[in-house]
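Okay, structure first, notes after.
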Number of protein chains: 2
Amino acid sequence: MPQFTSFDHQMMSRAISLAKRGIFTTTPNPNVGCVIALGEQIVGEGYHRKAGEPHAEVHAMRMAGEKAVGATAYVTLEPCSHYGRTPPCALGLIKAGVTKVICAMTDPNPQVAGRGIRMLQEAGVEVLVGLLEQDARALNPAFLTRMERGRPYVQLKMAASLDGQTALANGRSQWITSPQARKDVQHYRALASAVLSTSQTVVADNASLNVRWSELPTAIQEEYPEQELRQPTRVILDRQHQLTPELKLYATDGPVLTVAHSAADICVAVGEDQQLSLVDTLEQLASAHNINHVWVEAGATLAKSFIEQELVDEIVLYLAPKIMGSDGRGLFGALGLTDMSLVQNFTIKDLRQVGPDIRVVLTPKN
Amino acid sequence: MPQFTSFDHQMMSRAISLAKRGIFTTTPNPNVGCVIALGEQIVGEGYHRKAGEPHAEVHAMRMAGEKAVGATAYVTLEPCSHYGRTPPCALGLIKAGVTKVICAMTDPNPQVAGRGIRMLQEAGVEVLVGLLEQDARALNPAFLTRMERGRPYVQLKMAASLDGQTALANGRSQWITSPQARKDVQHYRALASAVLSTSQTVVADNASLNVRWSELPTAIQEEYPEQELRQPTRVILDRQHQLTPELKLYATDGPVLTVAHSAADICVAVGEDQQLSLVDTLEQLASAHNINHVWVEAGATLAKSFIEQELVDEIVLYLAPKIMGSDGRGLFGALGLTDMSLVQNFTIKDLRQVGPDIRVVLTPKN
């Protein structure tokens, strides 16, 4: 592990902060930030804002101009080495005269990892790797999941009363959670590459499942102007082809992908239980549609399938401080467990109040 | 409202902090703190530690000695005016030569409120009331409930999985919550004047329901030494006289009171539903046994009764991050609700993690 100075730490922290400004818009690309320093002076900085637009390094080099000569570049991710919509950033840094590059982490794609570094080193640029790597990885959990595991990062949204009910026995449930919790959901949708649901949910509620900018929390609106709004892809499991063109789903902005056994945008296998394969769906979303991050909003049945098949990276559970009684509809349905050792355990990743409600973020415990 | 200086605020804050040192031991008395200042110098301070021992003012006066002459006393509660186990504190302050008394609040007992103040004023002492009154009231929610409402403050302990289950369908439940949550329960028992349960719970678990000092959280042990341990009174609803002398309940330290229709320590009415009257029980606990604060640990049926009869001041709910399935035993049983407008709402008073679990403190919303 190379020795980094406290100045190096400071610069990489700044690059990580810059990278965060792209969290709503870079998908399918990762969030990347870059700072160029000459001696102890910052001469350039930038972040990747949107797929198709310049990479972080390009913004920083443009800002640095001549001052990049002899400078050090701090990048949260290994600079790219391929000709895509933009020429390789490694080459750009070499041409700009940068003499040292510090990256937080290598490219997560095993087929390209190290190439950018090699390109720099072969041109005589000193390269150090691993500064604040954990923080840099935390910028891109979803992108890294797609690269490393071949499927998107899956967040499962759920909402219930404190006693675990999602509706009364007669199905009534409007509203269990508060307007603030529903705004928080809009925020999660805005962060996701795709919102996944079922045709039952879409048809029953005539749900649009898109991001309504006016319903985002004010703090988010301030950092994410309406004209830059990116709509996540809506992915609807539609086993029995129940979606019809007059649904709100199709009247609102943003792409829709249908999933079925045949005659759909994504065709997947059907299991013995007659259910569409979730594994197939996720793998195709990653490989054919570059979806990094799926936000699942659906009923108890689908939630249970995702959990039982161990396809959930996070549960985002809203609990309203209400008592509905155990004769309502439970969060996960009957599980038939006979011993406490069979109970699925989770770890609390985050716990807070959202308006009058509780929001708890859980990760499965192995 | 009199004008208080920032020095006055500082002194009363200190008196409130001192009062808190008695939280485990003063019951049935309130927590009270006192600071005596001569000019801008603290010359005496103290707090009430235990019923039968000197009041806060006495400790502060002893410490101040001669320096109390011409001084100001800051007391979190109106000084007492009656001859009890100790002579009236108002008289003591007059004799000590204090010339000004600032109280956070008057005596909550309407029959004595103002008498201490009048006694001081008649002796020529200047008295101001109302400095940090809300904070002073927050020191003694349970004592104030007994004084003002004629019944103890009721905290209801509950524990469940995230999906609202208290046990699997076959009754298995050990353990849903973590050792840390169980230590936290010991802490709540230690704060209570009484722990209330049913003979079913006591017999089924052979539960002692006392405070086990060794199981208190370390931070509590440090402020509450083992030799000072006060055991709450255990109050057991024993409608069918199921308690027997060989139970652990009777082999452990601390008083036990039984509640039944007849032949019990507390005899109460039985309603049409054949249940013991909770209102009667609470009123007798307050009036005949000076119980300020009841911590209820029991099953779903009793919890439901307390809530339905609006006798709960706080629910302390532990939620373990586990999924047990809706075929287990629910927190409150079936409620038969048919409309969301009938659902009981609560306000979150406190939300935090206790070890791996969630603890949420709720108050009923009117």
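If B:Pro108 satisfies all but one of (1) closer than 30 Å to B:Trp213 by Cβ; (2) open to solvent by 10 Å² or more (accessible area, probe 1.4 Å), what's the number of the condition it fails? Of the numbered conditions (1) closer than 30 Å to B:Trp213 by Cβ; (2) open to solvent by 10 Å² or more (accessible area, probe 1.4 Å), the odd one out for B:Pro108 is (1). Taken over region A:343-358, the criterion of being touching a residue at least 24 places away in the same chain (Cβ under 8 Å) and among the basic types (Lys, Arg) is satisfied by A:Lys349 alone.
Criterion first (farther than 25 Å from A:Leu337 by Cα and under 17 Å from the mean Cα position of the chain (by Cα)) does B:Leu285 satisfy it?
yes
When A:Glu310 is tested against (1) among the acidic types (Asp, Glu); (2) surrounded by fewer than 19 Cβ atoms within 10 Å (Cβ to Cβ); (3) within 26 Å of A:Ser173 (Cα to Cα); (4) in contact (Cβ under 8 Å) with a residue 40 or more places away in the chain, just one condition goes unmet, and that condition is (3).
Go through region B:357-366 and give me each residue that's more than 7 Å from chain A (Cβ to nearest Cβ) and either open to solvent by 60 Å² or more (accessible area, probe 1.4 Å) or closer than 17 Å to B:Ala181 by Cα (or both).
To start, the set of residues in region B:357-366 that are more than 7 Å from chain A (Cβ to nearest Cβ) comprises B:357, B:359, B:361, B:363-366.
Correct list: B:Asp357, B:Arg359, B:Val361, B:Lys365, B:Asn366.
Among the residues of this structure, A:Leu168 counts as one that is within 14 Å of another protein chain (Cβ to nearest Cβ) and in contact with a Leu (Cβ under 8 Å, 6 or more places away or on another chain). Taking (1) crowded, with 18+ Cβ neighbours inside 10 Å; (2) within 26 Å of A:Ala288 (Cα to Cα); (3) more than 18 Å from the chain's Cα centre (by Cα) in turn, A:Met119 satisfies each apart from (2).
Here are B:Glu272, B:Glu283: which of them is modelled with pLDDT under 90, more than 14 Å from chain A (Cβ to nearest Cβ) and open to solvent by 30 Å² or more (accessible area, probe 1.4 Å)?
B:Glu272
Among what's in region B:208-238 and is among the hydrophobic types (A, V, I, L, M, F, W, C) and closer than 23 Å to B:Arg49 by Cβ, pick the residue that is surrounded by the fewest Cβ atoms within 10 Å (Cβ to Cβ). Among residues in region B:208-238 that are among the hydrophobic types (A, V, I, L, M, F, W, C) and closer than 23 Å to B:Arg49 by Cβ, the one surrounded by the fewest Cβ atoms within 10 Å (Cβ to Cβ) is B:Ala219.
Tallying residues that are open to solvent by less than 60 Å² (accessible area, probe 1.4 Å), hydroxyl-bearing (Ser, Thr, Tyr) and more than 22 Å from B:Lys304 (Cα to Cα) within region B:239-261 yields 2.
List every residue pair whose Cβ atoms sit under 7 Å apart, with the two residues 6 or more apart in sequence or on different chains, where the first one lies in region B:22-49 and is more than 16 Å from B:Met105 (Cβ to Cβ) and the second, anywhere, is aliphatic (A, V, I, L, M) and open to solvent by 40 Å² or more (accessible area, probe 1.4 Å). Hits for this filter: B:Ile23/B:Leu191; B:Phe24/B:Leu191; B:Gly44/B:Met63; B:Glu45/B:Met63; B:Gly46/B:Met63. From the list B:Leu317, B:Leu311, the lone residue that is within 7 Å of chain A (Cβ to nearest Cβ) and either under 20 Å from the mean Cα position of the chain (by Cα) or closer than 25 Å to A:Val316 by Cα (or both) is B:Leu317.
Scanning region B:12-55 for residues that are touching a Phe, Trp or Tyr at 6+ places or on another chain (Cβ under 9 Å), over 26 Å from B:Leu216 (Cβ atoms) and either among the aromatic types (Phe, Trp, Tyr) or open to solvent by less than 10 Å² (accessible area, probe 1.4 Å) (or both) turns up B:Met12, B:Ala15, B:Cys34, B:Val35, B:Ile36, B:Ala37. From the list B:Ile323, B:Ile358, the one residue that fits, being within 25 Å of A:Leu337 (Cα to Cα) and over 26 Å from the mean Cα position of the chain (by Cα), is B:Ile323. Once region B:324-349 is narrowed to residues that are open to solvent by less than 40 Å² (accessible area, probe 1.4 Å) and under 17 Å from A:Arg359 (Cβ atoms), the residue that is farthest from the other protein chains (Cβ to nearest Cβ) is B:Ile348. When region A:296-330 is filtered for residues that are among the aliphatic types (A, V, I, L, M) and part of a strand (DSSP E or B), the ones remaining, listed by number, are A:Val296, A:Ile315, A:Val316, A:Leu317, A:Leu319, A:Ala320, A:Ile323. Would you confirm whether or not region B:176-193 contains a residue that is within 11 Å of another protein chain (Cβ to nearest Cβ) and either closer than 22 Å to A:Lys304 by Cβ or not β-branched (Val, Ile, Thr) (or both)? Yes, there is a match, as at least one residue in region B:176-193 is within 11 Å of another protein chain (Cβ to nearest Cβ) and either closer than 22 Å to A:Lys304 by Cβ or not β-branched (Val, Ile, Thr) (or both).
The values are calculated or read from the model by the stated rules, or taken from the named source; none is laboratory data. In this text the structure is predicted, and so the values were computed from the model without any measurement. Don't worry about glycine lacking a Cβ; one is built from the backbone with ideal geometry, like all the others, and counts go over all protein chains shown. These area figures cover heavy atoms from the full protein model, side chains too; ligands, DNA and RNA do not enter into them. Shrake-Rupley method; radii C 1.70, N 1.55, O 1.52, S 1.80 Å.
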